[in-house]
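A short write-up of the structure that comes next.
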Amino acid sequence: LKQGYQVGYTNNVQQGMSGGPILNEAGEVVGFNGHQKNPTFGNPFVFINGGQPSERERQAMMALSWGVPVAVLAEKAPDLLKPALPLVASIKGIPQAVYQKATGFTVRVEGEKPDLAPEQGSGVIVAKRPGQWGTDYFVLTAAHVLHDTNRRYSVVTGDGERYEVDRNQFAVPPAYDVALVSFRSRKDYTPVTLATYALTPGDFSSTVWAFVAGWPADA
């Protein structure tokens with residue numbers, strides 16, 4: 001689909017979770033939250049070639065939340081990828097294990113609004129790069145979370161620390177609803193492990209475990 005949406009899932013995504021990770025049963029990231037089920041305006045279901053789904057396909061799509069797969073990050077920033085580890089998680093305790101991982105790399109993204117509550121979205125730490133004055137951490141989020149390029153944005157990590165986004169490391173690729181920003185810290189944060197999987201175009205029958213993470217706006 002246009003804007004890079006390729007992953008549909010039954011999980012409920014709340015406002016404020018755009019840009020948060022979609023995780024598999026091993027706590028590996030397979031994509032990033034985009035838009036909720038049953039969109040009330042616009043038509044997000046347009047194929048890249050300009051075609052439209054059939055009415056039956058559209059109804060199936062409407063019932064799902066949609067995200068952008070990690071393949072987009074592989075295309076736009078291949079040097080930031082970290083190879084996936086072997087799947088070692090057992091079926092017991094999967095939700096708890098995934099939650100523990102997600103709290104470490106899922107962040108809140110806020111845009112300053114004078115005299116008003118900050119606009120809020122979510123993001124995920126995908127890579128880090130050590131430097132002389134600290135470590136640069138790279139966060140992937142939804143581009144619509146960062147719609148105002150003149151606004152100052154900050155990242156709030158799971159431990160409550162707040163960091164200003166580096167304007168020199170602010171990238172919003174065209175055609176995809178994803179954006180890459182960075183912040184610097186002397187603290188140690190662990191980036192995600194990205195999953196590898198086969199994506200079959202037009203396949204609505206594949207069933208896998210999926211979890212979504214993010215910071216709801218009222219949290």
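Remarks
- Across Lys2/Lys128; Lys37/Lys101; Lys101/Lys128, pairs whose alpha-carbon gap is larger than 27 Å: Lys2/Lys128
- For peptides 158-165, 21-28, sequence by mean Cβ density within 10 Å, most packed first: 21-28, 158-165
- Between Asp148 and Gln59, the simple spin-label model (points 7 angstrom out along Cα→Cβ) gives 4.1 nm.
- Averaged over residues, the count of other Cβ atoms within 10 Å places the peptides 45-55, 1-11 in the sequence 1-11, 45-55, highest first.
- Close amide H partners of Glu119, meaning residues 5 or more places away or on another chain with modelled amide H under 5 Å apart, are Gly111, Lys113.
- Of Thr193, Thr141, Thr103, the residue with the largest accessible area leads and the full order is Thr103, Thr193, Thr141 (1.4 Å probe).
- Taking amide H atoms as placed 1.01 Å from N in the peptide plane, the amide H of Val46 lies under 5 Å from those of Lys2, each 5 or more residues away in sequence or on another chain.
- Between amide H atoms placed 1.01 Å from N, distances below 5 Å from Thr193 occur with Val29, all of them 5 or more places distant or on a separate chain.
The values are calculated or read from the model by the stated rules, or taken from the named source; none is laboratory data. Quick caveat: nothing in here was measured; it's all calculated off a predicted structure. Cβ atoms come from the backbone with ideal geometry, glycine included; neighbour counts cover every protein chain shown. When the accessible area is computed, the model is the full protein with side chains, heavy atoms only, and any ligands, DNA or RNA have been set aside. Shrake-Rupley method; radii C 1.70, N 1.55, O 1.52, S 1.80 Å.
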